[in-house]
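For reference, the structure is listed below as structure tokens.
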Amino acid sequence: VRVAVLSGGVGGARFVQGLLDAVEPSGVTVIANVGDDLEVYGLHVSPDVDTLLYTVGGEADLERGWGRRGETWRARDAATQLGAETWFQLGDRDLGLHLARREALDRGEPLSAITARFARTFGIEVRILPATDDRLRTWVATGEGELSFQEWFVLRRHEPEVQGVRFDGADTAQAAPGVVEAIAAADLIAIGPSNPFVSIGPILAVEEIREAIRSRRVPSVAVSPLIGGKAVKGPADRMLKNLAGGTGPEHVASCYQGLIDALVYDEADRDVSLPDGVRPIATSTLMTDAASRRRVAEASLEAAAALR
Ligand code: GDP
Ligand code: CA
């Protein structure tokens, strides 16, 4: 089967890992959020793309929960000593990837081509595509004014409550090469258990991508990032409360109006009434090991099969 998956970082990457155990990896295309991207020391950081590369490539630091395994921090410490701002942390090995990306971007290689090359180097069989090669940046409106995504998420530890999000550059961003084609060729479209507003939202803000999903002829299935109304990690629950009016599966589904045919959510969520046309699939969705990741992927595949 050919699957097109929309993904942010950690939640999406866990789902993709499960999918790789359940289907032939060469049939999977992951479309990654780039709204979190930022420039640090002149380097182009693409946190969700890199979380996918590191997780699927077996390079992720699973204990820390972000970044590359076997990391050291000598460059950061030296930079701190010399007065640099180091709130956005890049370990030494991670810096190496960023130096290679900077050099390639400066040569004119698009982010999508660089990502494909890095994926090959890491021995990754699935295709990982940034949603767009164009500049697209998430901004977050808070009671303390508008903050860039990473200022809000990392520097402010996502504490200021979110009143709205904006995707700068989305109006003119084109889907990266292969994205629309992968959606059109898919037997199943899956939206991973990523943050609907700041991980999936920026992908869907690219009009060509939204339209490709809206006009689908195959099932589209989303997985909820909330378990019993709570995010496993991060601000998704608070954002759903503030921006969608609640933390139930129906609120998650409301983020994907016209874009999904089924929602996989956790059996801890009860009294669920999803919008018409969205089939409810309750299962255990906590992905702590290979078996549980695979189960969530299989629930999505079965939901799609039942819809066909
Ligand atoms: P980020 O870009 O690294 O923040 O990652 P994502 O947006 O892809 O994923 C963050 C979301 O993943 C959070 O809202 C979590 O609640 C959700 N998440 C993480 N692990 C799990 C899990 O095991 N099961 C489910 N259902 N959601 C998860
Ligand atoms: Ca992210």
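Only the coordinates and a few stated rules stand behind these numbers; no lab work does. Here the structure is a predicted model, which is why all the values come from computation and not from measurement. Positions of Cβ are generated from backbone atoms using ideal geometry, with glycine treated the same way; all protein chains shown enter the neighbour counts.
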Filtered residues of the stretch 127-161 (kept if surrounded by fewer than 16 Cβ atoms within 10 Å (Cβ to Cβ) and at positive phi): Gly145, Arg157
Any hit, the stretch 195-203, residues being outside any helix (DSSP H, G or I) and within 16 Å of ligand 2 (Cβ to nearest atom): yes
Options Glu39, Glu71, Glu63: the member that is within 16 Å of ligand 1 (Cβ to nearest atom) and either surrounded by fewer than 22 Cβ atoms within 10 Å (Cβ to Cβ) or in a loop (DSSP other than H, G, I, E, B) (or both): Glu63
Those residues of the stretch 224-274 which are outside any loop (DSSP other than H, G, I, E, B), within 16 Å of ligand 2 (Cβ to nearest atom) and either in contact with a Phe, Trp or Tyr (Cβ under 7 Å, 6 or more places away or on another chain) or under 21 Å from Ala297 (Cα atoms) (or both), in sequence order: Ala231, Ala236, Met239
Residue within the stretch 46-56 that is within 13 Å of ligand 2 (Cβ to nearest atom), among the charged types (D, E, K, R) and in a helix (DSSP H, G or I) present: yes
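Quick one: which residue in Leu226, Leu301 is within 13 Å of ligand 1 (Cβ to nearest atom) and closer than 22 Å to Val10 by Cα?
Working: Leu301 fails: within 13 Å of ligand 1 (Cβ to nearest atom).
That would be Leu226, the only listed residue that is within 13 Å of ligand 1 (Cβ to nearest atom) and closer than 22 Å to Val10 by Cα.
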Close pairs from the stretch 30-48: first free of Cβ contacts under 8 Å to residues at least 24 places away in the same chain, partner more than 11 Å from ligand 1 (Cβ to nearest atom), Cβ under 6 Å, at least 6 apart: none
Matching residues, the stretch 275-288, being more than 21 Å from the chain's Cα centre (by Cα) and either closer than 22 Å to Gly11 by Cα or within 10 Å of ligand 1 (Cβ to nearest atom) (or both): Val278, Arg279, Pro280, Ile281, Ala282, Thr283
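Which residues, taken from the stretch 133-191, are outside any loop (DSSP other than H, G, I, E, B) and of a type in the set (Gly, Ala, Ser)? Before you say what the answer is, go through the steps one by one.
Initial filter on the stretch 133-191 (outside any loop (DSSP other than H, G, I, E, B)): 137-142, 145-155, 162-168, 175, 179-185, 188-191.
Answer for the stretch 133-191, where residues must be outside any loop (DSSP other than H, G, I, E, B) and of a type in the set (Gly, Ala, Ser): Ala141, Gly145, Ser148, Gly164, Ala175, Ala182, Ala184, Ala185, Ala190.
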From the options Val10, Val40, Val30, Val3, residue that is within 16 Å of ligand 2 (Cβ to nearest atom) and more than 15 Å from the chain's Cα centre (by Cα): Val40
Residue check for Ser215: of a type in the set (S, T, N, Q), on the phi < 0 side of the Ramachandran plot and surrounded by fewer than 18 Cβ atoms within 10 Å (Cβ to Cβ): yes
Whichever residue in the stretch 229-271 is over 18 Å from Ser199 (Cα atoms) and of a type in the set (A, V, I, L, M, F, W, C) and, among such residues, is farthest from ligand 1 (Cβ to nearest atom): Ala262
Residue ID - surrounded by the fewest Cβ atoms within 10 Å (Cβ to Cβ), chosen from residues in the stretch 5-36 that are more than 21 Å from Pro196 (Cα to Cα) and small (Gly, Ala, Ser): Ser26
Tally, over the stretch 198-212, of residues that are buried (at least 18 other Cβ atoms within 10 Å of the Cβ) and out of contact with any Gly (no Cβ under 9 Å at 6 or more places or on another chain): 4
Some residue of the stretch 224-233 being at positive phi and buried (at least 19 other Cβ atoms within 10 Å of the Cβ): no
